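Input: a single structure, listed below in structure tokens.
The values are calculated or read from the model by the stated rules, or taken from the named source; none is laboratory data. Everything numeric in this text was worked out from a predicted model, so none of it was measured. For neighbour counting, all protein chains shown are included, and Cβ atoms are generated from backbone atoms with ideal geometry for every residue, glycine included.
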Amino acid sequence: MLFIIDEKGQGSAELILIFGGMIVIVIVAAIYYQNYLTGLGDEIIKTDVENVTNQINNLTKKF
């Protein structure tokens, strides 16, 4: 009967369950937004890199 009263591991078990739930939520969100995140990388590469390159080229013309 002593093992029923002993609650030393309860806090650790609850903390593990909370972290496990958070990991599951992050994985589900990443799968749901996978197409958005993949397209975002391509958009940044195309627009921002071209803008920075053009600005640098315009600076070299002034010197």
Could you tell me which numbered condition V28 fails, if it satisfies all but one of (1) assigned to a helix (DSSP H, G or I); (2) at pLDDT below 85?
(2)
Result of the Cβ filter at 9 Å on region 34-60, keeping first residues that are assigned to a helix (DSSP H, G or I) and partners that are modelled with pLDDT of 80 or more and surrounded by 10 or more Cβ atoms within 10 Å (Cβ to Cβ), at least 6 apart or interchain, is L37/A30
